[in-house]
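**Q** Quick one: the structure is below, and I'll ask about it shortly.
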Amino acid sequence: MPIRLFNTLTGEVDLLVPSDGASLRMYACGPTVYDYGHIGNFRTFLQIDVLRRFLKLSGMQVRHVMNITDVDDKIIRNSSAAGLSIGEYSARYVEAFFEDIESLRIQKPEQIARATEHIPRMVDLVQKLSDIGAAYKTDDGSWYFRLAAFPEYGKLSKKDLSGMEDGARVDVDEYEKDSARDFALWKAAKPGETSWDTAIGCGRPGWHIECSAMSMEYLGDTFDLHAGGEDLMFPHHENEIAQSESVTHKPLALHWMHVRFLLVDGRKMSKSEGNFYTLRDLLLKGYKASAIRLALISVPYRHQLNFTFEGLTEATNAIERLRNFNDRLAKGAFPAGENPEIQTAATEAQAKYLAALANDLNTAEARAPIFDLIRTSNTAIDQGRFFENDRVAVLAVLASFDAVFDVIEDRDAEPTKRAIAWAEQSGRQADVAPELFARQSLSDEAIDTLVAERTTAKKHRNFARADQIRNELIEKGVIIEDSKDGVRWKRK
Ligand code: AMP
Ligand code: ZN
């Protein structure tokens, strides 16, 4: 099935194909490791994960590269305030990032590239730009990109930048559209700052050159897809295009994907606005990692998403339904045979699901047929019209849904446990929701033992003890369900 994705560069929903006929080469701008990531950042990484998983589900090979910006203005500012080297300072946040993406079940890209490990490649690119007159050095030893050397500047963000001041410079990494100017490629060393002694002088790279150098290093001069959050379109991606294409005279990426923002009360969730939640904040409040994942991916990437706790509760309930239904099929016994109505419903649900994702990754439309299928199947099971072949067919649809959404298998205990351990280590015990401590106090084995004791008590008609155990488990967030197939338990 052809996969279409909106392309910021062309302004159209274009076909996405591996241009080398083998694997889709994609580059995603990674985190700046100066602090814990907030869930706005993770919305972007999650949507890229959805894309990557869908491409793989469709049989495509993917070569996905992501950078880690481990040197930039903010890291330098914070590390010197903390009296640490940038490496010591950022190590904690690099580790936290990988822990968080694991909690959110974001697949690791094939290649992770750290900026500080690719300085020679960046220096080489600045030299090439200098050779063709697109880069110049200022008196303090910094290097700038000469905007006038790249007439196509602005082609991605489609802003009219004709009023730009020729020769005016900007040396911060992030700035607004109306201040498009010659931007810093390399910043001369300042006393006390981490720097590299190189052929172009002593200093450190600007943010934009990092991604140009590393994407081309691993994916070649032209690759298939470049992705990031919507704020990166300008100036970051525009600058990457200018730096790379001035040297190669080839398009840097054929397809550009920008994930719209996660908002809070209509404003961008961001550190500077102070209106953010980290993943850890939400885990400590008692929300499950899977619910956070589902809430952040269920609104398609081309729509901004307003963050609400109701949204998290809706996702929690949706996951309950998926898991209960999956359990019902996986553990239930059904008579041999099939119901043609269910067979058709399963085939149609699968087709609609795949078509929605292939149509610009419409995750909301992709979810709907799966829940319709659950409803139809539950009714058929209740009425005794559901058979073994139906079970196989419907489970296959759920498996394909979960290859992308990945929320059905319950692996939520681990992220919560890690978040609690982290809170304890960092003096944030007060932020842990009290019921979480209670929940964590019971291991799976302890629950199994209590459930078995309750079954025995019931057999011996000791209902008082059986109820006591049930209540104790409920208090600790464990729900027991008696069914004709036996007793099941799950954590709330
Ligand atoms: P940073 O760590 O700031 O470099 O950002 C990492 C990624 O998160 C980038 O792709 C940003 O565009 C993206 N991002 C930042 N804030 C938000 C937000 N509120 N919603 C969605 N994505 C965001
Ligand atoms: Zn980048």
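The values are calculated or read from the model by the stated rules, or taken from the named source; none is laboratory data. This structure is a prediction, so every number in the text was calculated from the model and none was measured. Don't worry about glycine lacking a Cβ; one is built from the backbone with ideal geometry, like all the others, and counts go over all protein chains shown. Each accessible area value is taken on the protein alone, full model and side chains, heavy atoms only, with ligands, DNA and RNA left out. Shrake-Rupley method; radii C 1.70, N 1.55, O 1.52, S 1.80 Å.
**Q** With a 1.4 Å probe and all protein chains kept in place, how do 99, 88, 217 rank by accessible area, largest first? Kindly include the intermediate steps, with their values, before the conclusion.
**A** On the way: 99 50, 88 115, 217 85 Å².
The residues order as 88, 217, 99, largest area first.
**Q** Next up: Which Rg and Dmax, in Å, describe the Cα atoms of the chain?
**A** Just the Cα atoms of the chain yield Rg and Dmax of 26.2, 90 Å.
**Q** Give the ranking of 202, 29 by solvent-accessible surface, highest area first, calculated with a 1.4 Å probe. Spell out each step's value before the answer.
**A** On the way: 202 60, 29 10 Å².
So, going from the largest accessible area down, we get 202, 29.
**Q** OK, next. Explain nothing, just compute: Karplus ³J(HN,Hα) = 6.51 cos²θ - 1.76 cosθ + 1.60, θ = phi - 60°, for every residue of region 32-48 in order, whole Hz, x for Gly and Pro.
**A** For region 32-48, the Karplus curve yields 9, 8, 10, 6, 5, x, 9, 6, x, 4, 6, 4, 4, 5, 5, 5, 5 Hz.
**Q** Report the extension gain between residue 4 and residue 22 in nm, rounded to one decimal, defined as 0.36 nm multiplied by the number of residues separating them, less their alpha carbon distance.
**A** Working: separation 18, 0.36 × 18 = 6.48 nm, distance 1.78 nm.
Residue separation times 0.36 nm, minus the Cα-Cα distance, leaves 4.7 nm.
**Q** Students sometimes get this wrong: rank 193, 117 by accessible area, probe 1.4 Å, all chains present, largest first.
**A** On the way: 193 45, 117 125 Å².
In descending accessible area the options line up as 117, 193.
**Q** Suppose every Lys and Arg Cβ carries +1 and every Asp and Glu Cβ carries -1, with no other charges. What dipole size does region 135-249 come out with about its Cα centre, to the nearest 20 debye? Mind dumping the intermediate values first?
**A** Details: 11 positive and 23 negative charges, 46 e Å.
Roughly 220 debye for region 135-249.
**Q** Label region 12-85 by shape, choosing from rounded, prolate and oblate, from the square roots a ≥ b ≥ c of the eigenvalues of the Cα gyration tensor; if a/c is under 1.5 it is rounded, and otherwise prolate applies when a/b is larger than b/c, oblate when it is not. Can you show the working numbers first?
**A** Working: a/c = 3.41, a/b = 2.53, b/c = 1.35.
In terms of gyration-tensor shape, prolate.
**Q** Based on alpha-carbon centroids, what's the gap between region 250-318 and region 209-245 in Å, whole number please?
**A** That distance is 24 Å.
**Q** Find which of 54, 383, 198 sits farthest along the positive direction of the dipole of the chain, computed with +1 on the beta-carbon of Lys and Arg, -1 on that of Asp and Glu, about the Cα centre.
**A** Projecting each Cα onto the dipole axis, the largest value belongs to 383.
**Q** Residue-wise, which Karplus ³J(HN,Hα) couplings in Hz belong to region 433-439, taking 6.51 cos²θ - 1.76 cosθ + 1.60, θ = phi - 60°, and x for glycine or proline?
**A** Rounded to whole hertz, the list is 4, x, 5, 5, 4, 4, 4.
**Q** So, one more: Would you be so kind as to identify which of 306, 283, 233 lies farthest towards the positive end of the dipole of region 225-322, taking Lys and Arg as +1 and Asp and Glu as -1 on Cβ and the Cα centre as origin?
**A** Toward the positive end, the furthest listed residue is 283.
**Q** Can you compute 3J(HN,Hα) from phi for each residue in region 226-238, using the Karplus curve 6.51 cos²θ - 1.76 cosθ + 1.60 with θ = phi - 60°, rounded to whole Hz and x for Gly and Pro?
**A** Result, rounded to whole Hz: 10, 10, x, x, 4, 5, 7, 4, 9, x, 4, 6, 4.
**Q** How large is the dipole of region 1-117 about the Cα centre if only Lys and Arg carry +1 and Asp and Glu carry -1, each at its Cβ, rounded to the nearest 20 debye? Mind showing how you got there, number by number?
**A** Values: 13 positive and 15 negative charges, 74 e Å.
That gives a dipole near 360 debye.
**Q** OK, next. Report the calculated FRET efficiency for residue 314 and residue 485 (r = Cβ-Cβ distance, R0 = 25 Å), to the nearest 0.05.
**A** Values: r = 29 Å, r/R0 = 1.15.
Once rounded, the FRET efficiency stands at 0.30.
**Q** Hey, with R₀ at 56 Å, roughly what FRET efficiency would residue 248 and residue 272 work out to, going by the Cβ-Cβ distance, to 0.05? Please report the intermediate quantities before stating the final value.
**A** Working: r = 35 Å, r/R0 = 0.62.
With R0 = 56 Å, the Cβ-Cβ based efficiency is 0.95.
**Q** Picking from 259, 396, 242, whose Cα lies most toward the positive end of the charge dipole for the chain (charges on Cβ: Lys, Arg +1; Asp, Glu -1)?
**A** 396
**Q** Under unit Cβ charges (Lys, Arg +1; Asp, Glu -1), what dipole magnitude, rounded to 20 debye, does the chain have relative to its Cα centre? List each step's numbers first, then the result.
**A** Values: 62 positive and 75 negative charges, 297 e Å.
With Lys and Arg at +1 and Asp and Glu at -1, about 1420 debye.
**Q** Follow-up question, since we're still on this one. What are the residues whose amide H is under 5 Å from the amide H of residue 263, where those residues sit 5 or more places off or on another chain and H is modelled from the backbone?
**A** The answer is 269, 305, 306, 307.
**Q** Residues with amide H under 5 Å of residue 110's amide H, sequence separation 5 or more or different chain, H placed in the peptide plane at 1.01 Å from N; which?
**A** Excluding prolines and chain starts, which carry no amide H, the hits are 64.
**Q** Right, something else. So for the chain, averaging the separation of alpha carbon pairs under 8 Å that are six or more residues apart and normalising by length, what relative contact order in percent results?
**A** Numbers: 776 pairs, mean separation 76.7, N = 492.
RCO, the chain: 16 percent.
**Q** On to the next question. Averaging sequence separations of C-alpha pairs under 8 Å and six or more residues apart, then dividing by the length of region 183-340, give the relative contact order as a whole percent. Write down the numbers at each step before the final one.
**A** Working: 151 pairs, mean separation 25.3, N = 158.
Normalised by residue count, the contact order of region 183-340 is 16 percent.
**Q** For the chain, find the longest principal axis of its Cα atoms and tell me its angle to the long axis of helix 413-425, 0 to 90°, nearest 10.
**A** For 413-425 against the chain, the angle is about 60 degrees.
**Q** Can you give the FRET efficiency to the nearest 0.05 for residue 304 and residue 112, using r as the Cβ-Cβ distance and R₀ = 25 Å? Intermediate results must be reported in sequence, preceding the final value.
**A** On the way: r = 28 Å, r/R0 = 1.13.
For R0 = 25 Å, the calculated efficiency reads 0.35.
**Q** Related question: Determine the distance separating the Cα centre of region 409-427 from the Cα centre of region 329-360; give it in Å without decimals.
**A** When both Cα centres are located, 35 Å separates them.
**Q** Also: Please give the Cα centre distance for region 472-492 versus region 81-152, rounded to the nearest Å.
**A** 51 Å
**Q** Further question on the same structure: If you count only protein heavy atoms and use a 1.4 Å probe, how large is the accessible surface of residue 248, to the nearest 10 Å²?
**A** Near enough 20 Å² of accessible area.
**Q** Restricting to Cα pairs below 8 Å that are 6+ residues apart, what does the relative contact order work out to for region 1-151? Please round to a whole percent.
**A** On the way: 166 pairs, mean separation 30.9, N = 151.
Reported relative contact order: 20 percent.
**Q** Which residues' amide hydrogens lie under 5 Å from the amide hydrogen of residue 27, considering only partners 5 or more residues apart or on another chain, with H built in the peptide plane?
**A** Amide H neighbours of residue 27: 65, 225, 226, 227.
**Q** Another one. Per residue, how much accessible area does region 240-395 have with a 1.4 Å probe, in Å²?
**A** Details: 6330 Å² over 156 residues.
Per-residue accessible area for region 240-395 comes out at 41 Å².
**Q** Which residues does a label at residue 375 reach in region 340-354, if reach means a backbone N under 15 Å from a point 7 Å past the Cα toward the Cβ?
**A** Correct set: 345-346, 349.
**Q** Mind checking region 404-472 for trypsin sites (Lys or Arg not before Pro) that DSSP puts in a loop (not H, G, I, E or B) and that have at most 16 other Cβ atoms within 10 Å?
**A** Working: sites: 411, 417, 418, 428, 439, 454, 458, 459, 461, 465, 470; in loops: 411, 428, 461.
Answer by residue number: 411, 428, 461.
**Q** For the chain, what does the helix formula give at 222 nm: sum of -39500 (n - 2.57) over DSSP H segments with n ≥ 4, over the residue count, nearest 500 deg cm²/dmol? Show your work: numbers first, answer last.
**A** Values: 16 runs with 229 residues, N = 492.
Dividing the helical sum by the residues of the chain leaves -15000 deg cm²/dmol.
**Q** Follow-up. Using 0.36 nm per residue of separation minus the Cα-Cα distance, give me the extension gain between residue 383 and residue 15 in nm, one decimal. Display every interim value, and only then the final one.
**A** Numbers: separation 368, 0.36 × 368 = 132.48 nm, distance 4.41 nm.
Stretched out fully, the residue 383 to residue 15 stretch lengthens by 128.1 nm.
**Q** Going by a ≥ b ≥ c, the root eigenvalues of the Cα gyration tensor, does region 184-304 fall in the rounded group (a/c under 1.5), the prolate group (a/b larger than b/c) or the oblate group?
**A** Working: a/c = 2.55, a/b = 1.53, b/c = 1.67.
Cα axes put region 184-304 in the oblate bin.
**Q** Another question, if that's okay. Relative to the present Cα-Cα distance, how much length would full extension add between residue 95 and residue 56 at 0.36 nm per residue of separation? The partial results should precede the final answer.
**A** Working: separation 39, 0.36 × 39 = 14.04 nm, distance 2.66 nm.
Here the segment from residue 95 to residue 56 would lengthen by 11.4 nm.
**Q** Of all GluC sites (Glu not before Pro) in region 370-432, which ones are in loop regions per DSSP and have a Cβ with at most 13 other Cβ atoms within 10 Å? Each step should come with its number before you reach the end.
**A** On the way: sites: 388, 409, 424; in loops: 409.
Sparse-neighbourhood loop GluC sites (Glu not before Pro): 409.
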